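J.: Once you've had a glance at the structure underneath, I'll fire off some questions.
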Amino acid sequence: MKKKYLMTMLTLILLLALAACGGGEAPAETGDGGDGGELDVEQLVEDYAEMESFSGEAALYFIEQAGGVSEEEIVPDWEYVVDDSTMRNYGDNPANGYGHGSICFQKPEGQELSEEEYRAWAEKVFQATAAASDDGYNVIGYEFCGEGEDPLAQADFDSALDSWMPGWCYCKDGTYMAVYLEEAYDSELDSAIGRDLYYFGAGVDVSVGLQKSFEETMADMEQYFEENEEEIEEALEDYIE
């Protein structure tokens with residue numbers, strides 16, 4: 001039973017990885033080496049090995065290398081701290097070709113985040129990803145697309161932020177990156193500035209997003225598993241032995 005459970009979990013992980021890469025295709029190159037060329041994979045691996053994956057440092061490294069947005073462009077203009085001991089700050093190795101970087105910027109202890117501060121920061125991130133994109137603008141994206149919407153249409157900031165799932169996508173070096181935003185709150189504390197909850201920080205997650213519709217991605221994955229069923233099963237068996 002335990003072995004079957006492990007195989008199921010590993011298969012789900014593989015499914016997520018394939019979804020980020022657009023199916024059974026090879027992972028796309030992300031970011032550049034600073035001069036518009038391909039990533040220096042050896043240097044990325046070497047630099048990343050010196051970091052703690054669960055840290056703001058690793059998150060910012062992924063966002064810059066894979067997403068093309070520097071730390072200066074993504075940090076808030078208001079005073080903030082990044083506390084790895086209380087928030088799940090995390091960054092993947094950009095050389096993987098998929099993954100994500102997630103970081104939360106917190107107000108100093110005891111201070112609340114106002115709605116105006118949050119929106120100003122969110123717009124800063126929106127403008128930064130647009131500037132980093134191949135086309136000079138953000139798109140709605142397959143993750144955030146509603147019924148009847150074109151996922152590759154230019155994203156509107158207010159619509160992206162006020163959605164039930166705030167976020168948007170942008171194309172960087174031919175790969176669609178997804179940007180998720182959230183506000184960190186403490187349900188045990190009451191707001192002293194009139195907000196519905198006590199918000200103390202703002203988080204952003206930049207990841208390699210869906211490269212095509214969910215339906216197309218699932219169809220690609222089903223085909224991939226059908227064509228490589230024996231190899232996948234053997235690899236999973238070897239991994240858990």
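J.: Please go through segment 167-190 and give me each residue that is buried (at least 18 other Cβ atoms within 10 Å of the Cβ) and in a loop (DSSP other than H, G, I, E, B), ordered by number.
T.: 173 - this is the single residue of segment 167-190 that is buried (at least 18 other Cβ atoms within 10 Å of the Cβ) and in a loop (DSSP other than H, G, I, E, B).
J.: Restricting segment 76-130 to residues that are under 20 Å from the mean Cα position of the chain (by Cα) and of a type in the set (Phe, Trp, Tyr), which is modelled with the lowest pLDDT?
T.: 98
J.: Restricting attention to segment 79-134, and to residues there that are of a type in the set (Ser, Thr, Tyr) and part of a helix (DSSP H, G or I), which single residue is farthest from residue 50 (Cα to Cα)?
T.: Top of the filtered list is 118.
J.: Something else: Which of the residues belonging to segment 69-105 are touching a strand residue (DSSP E or B) at 6+ places or on another chain (Cβ under 8 Å), under 19 Å from residue 176 (Cβ atoms) and open to solvent by 30 Å² or more (accessible area, probe 1.4 Å)?
T.: Result: 98, 100.
The values are calculated or read from the model by the stated rules, or taken from the named source; none is laboratory data. Note that the structure is predicted; figures quoted are calculated from it, not measured. Using ideal geometry, Cβ is built from the backbone for each residue, glycine included, and neighbour counts are taken over all protein chains shown. Note: areas computed on protein heavy atoms with side chains; ligands, DNA, RNA excluded. Shrake-Rupley method; radii C 1.70, N 1.55, O 1.52, S 1.80 Å.
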